[in-house]
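Right, one structure below, let's go through it.
The values are calculated or read from the model by the stated rules, or taken from the named source; none is laboratory data. It should be emphasised that the depicted structure is a prediction, and the values quoted were computed from it without experimental measurement. So basically every Cβ, Gly included, is an ideal-geometry build from the backbone, and we count neighbours across all protein chains shown.
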Amino acid sequence: MKFGSRAAEESIGCYLAHSIKHNGLSFSKGHQLTAEDVNQLIAAGFADVTVAQVEDTDLHEDEAAALLANHACGDAVSASTPFTGRANLYATHSGVLQVDADKVTEANLIDPAITFACLPPFTEVREGRMLATAKIIPLAVDQKLAKEAAEKISAAISVAAYSPKSVAVISTTLPHLKETTITKSLRVLQERLDIAESTISADLRVPHDEAALINVLNTEQVRDADLVVVFGASAVVDQGDVIPAAIQAAGGELIHFGMPVDPGNLLVLGDLNGTPVIGAPGCARSPQENGFDWVLQRLLADISVTRRDIMSMGVGGLLKEIHSRPQPRDHPLSEDPDKTVCSGVLLAAGNSSRMGQHNKLLALIDGKPVVRHVAEHALASDLSELIVVTGAMASKVEEALSGLPIRFRHNADFDEGISSSIKKGIEGVAEQSNSALILLGDMPFISTEDINTLLKSRSVTQDQLIGVSTTQGKRGNPVLWDRAFFEDLLCLRGDIGGKPIIQQNPSVVYTVEVGEAARRDLDDPEALHSAGGILGKHSEKP
């Protein structure tokens, strides 16, 4: 490839090294110049342009990216159409990512022009998630080098697909352990199993002693299961403790106790007549990511877990401060990647705890419920649809929005925090949408114009993928999320919004100054009163 400045009249067939925008002319980086293009450039006063000339021994960046990506695809993986020298790999099934790290490294060592990045090995992935990206740095690369890299990386990326499994759950009990704790543990476990289309086939309760646990481990319900999970009423502190001892006494094998993952240190892994048995650490009762997830996910994908596997999990095993795991730029590119098709997700599920006996969303401003103001502004914008997530007082909220062309999604777990409502809304986004705007139901002063500005500013090619409303530079709401970050939003837990994802991805964040409205919510009676809000029977909680 020849690169440099040359006379405009000699640049026909070459590729622009930089974008040109001048007096109505607009050519993007990488555009192949035609004779007509060159005439327009000359007429506009461009005597010289910086271009790349692809030679016979070269591959264009898109061809090279496609070659690398297609060769890297293993089981349950497909490659996207290349764009601007980049081709992404996606999971065709939900499961656990498997990476041949040596192959990836060998391919990256061929030449600096050829790069390949992927998620960490053993990452849990949903169908459609981006797994890796092949990126060619210059506009063209020597075809021999591209072919060599493709050979090195052959089938390096694959997904061990999940298959449905039956899971027997044994909960040991002690007087201090509440029934609600066991119920929550089962619900959280089922949520973990949902992605693998697996189910809890048996819910068994026994006292927390070795003899009782041995007996239940030998029941038909346990023998018929594909996997056994034991939630102990008391933490395991030694290999001779109740759970590991019972597994062995029941005729099973203790594979390992303890793991270098925090949370998750006190996990027990055993085998009972070919069926894996996990003694769950206490943190497994929480939906937050922990070492239990790492073992469970592999077993659901039929990946064996050995003593050495567990003892090798220490690097990256400190999870205490991790709320989500943002992924690199991910966008299934269309003919016009910057065309925004955005779904609105209006969060209206909260219990208005700071409002006492009233629901702030039902307060009236100018004779209209607060939440209806938000919905009407959103519907008047360029959003492709509006999804409203309800929770507390769902029927009253739906009544306040009656007659509007919206879709409702009820969040029965709204009391678990805002992340549960975000998850419910994102799960309902239309397949054709490439982004979602998350709006709060108590922010009626966000205008239709504010929303449209956020939508228009999104740009895949300019790496503007997370749009944040601001007030004098301070972050507020609403926030636009490119589909590349949907998976990360789905991984949020508890009363945590998208702030951690924004903080960890500054390179793709753009801001839109919307004034006071971006930070003006109606969280308490004083704020509502100052906004002209009126409380009454219409807003009273039941």
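Here are the numbers:
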read-out	value
Members of segment 143-188 found to be in contact with a Gly (Cβ under 7 Å, 6 or more places away or on another chain) and farther than 27 Å from residue 92 by Cα, listed by number	172
From 202, 132, residue being touching a Cys at 6+ places or on another chain (Cβ under 6 Å) and modelled with pLDDT of 95 or more	132
Residues of segment 33-61 that turn out to be surrounded by fewer than 18 Cβ atoms within 10 Å (Cβ to Cβ) and touching a Cys at 6+ places or on another chain (Cβ under 7 Å), as a count	1
Test: residue in segment 501-520 that is closer than 28 Å to residue 285 by Cβ and of a type in the set (Lys, Arg)	no
Filtered residues of segment 467-482 (kept if surrounded by 23 or more Cβ atoms within 10 Å (Cβ to Cβ) and either assigned to a helix (DSSP H, G or I) or hydroxyl-bearing (Ser, Thr, Tyr) (or both))	469
Any pair with Cβ under 8 angstrom, 6 or more apart, that starts in segment 435-456 at a residue that is touching a residue at least 12 places away in the same chain (Cβ under 8 Å) and ends at one that is of a type in the set (Asp, Glu) and assigned to a strand (DSSP E or B)	435/482
Residues (surrounded by fewer than 18 Cβ atoms within 10 Å (Cβ to Cβ) and in contact with a Ser or Thr (Cβ under 8 Å, 6 or more places away or on another chain)) located in segment 166-185	166, 174
Within segment 49-79, considering residues that are touching a residue at least 24 places away in the same chain (Cβ under 8 Å) and assigned to a loop (DSSP other than H, G, I, E, B), the one nearest to residue 101 (Cα to Cα)	74
Residue 195 assigned by TED's automatic domain parsing to the domain that holds residue 127 and surrounded by 15 or more Cβ atoms within 10 Å (Cβ to Cβ)	no
Selection count, segment 19-41, where residues are under 26 Å from residue 136 (Cα atoms), outside any helix (DSSP H, G or I) and touching a Phe, Trp or Tyr at 6+ places or on another chain (Cβ under 9 Å)	8
In segment 106-132, the residues that are surrounded by fewer than 20 Cβ atoms within 10 Å (Cβ to Cβ) and part of a strand (DSSP E or B)	115, 117
Count of segment 255-310 residues which are aromatic (Phe, Trp, Tyr), in contact with a strand residue (DSSP E or B) (Cβ under 7 Å, 6 or more places away or on another chain) and in contact (Cβ under 8 Å) with a residue 60 or more places away in the chain	0
Members of segment 89-105 that are of a type in the set (A, V, I, L, M), buried (at least 18 other Cβ atoms within 10 Å of the Cβ) and not in a strand (DSSP E or B)	104
Lone qualifier among 62, 58, 102, 75 - being charged (D, E, K, R) and touching a helix residue (DSSP H, G or I) at 6+ places or on another chain (Cβ under 7 Å)	58
Boolean, residue 476 is in the same structural domain as residue 369 (by TED's automatic domain parsing), more than 16 Å from residue 383 (Cβ to Cβ), touching a helix residue (DSSP H, G or I) at 6+ places or on another chain (Cβ under 9 Å) and among the small types (Gly, Ala, Ser)	yes
Residue within segment 262-273 that is of a type in the set (Asp, Glu) and either closer than 21 Å to residue 314 by Cβ or touching a Ser or Thr at 6+ places or on another chain (Cβ under 8 Å) (or both) present	yes
Count of residues meeting criterion [surrounded by fewer than 16 Cβ atoms within 10 Å (Cβ to Cβ) and under 17 Å from residue 289 (Cβ atoms)] in segment 500-510	1
Pairs with Cβ under 9 Å, 6+ apart, first in segment 460-486 and under 17 Å from residue 497 (Cα atoms) and of a type in the set (Val, Ile, Thr), second in a loop (DSSP other than H, G, I, E, B) and modelled with pLDDT under 95	466/458; 466/498; 466/505; 470/514; 479/497; 479/498
Among (1) of a type outside the set (Lys, Arg); (2) surrounded by fewer than 18 Cβ atoms within 10 Å (Cβ to Cβ); (3) closer than 21 Å to residue 255 by Cα; (4) touching a helix residue (DSSP H, G or I) at 6+ places or on another chain (Cβ under 8 Å), the one test that residue 237 misses	(4)
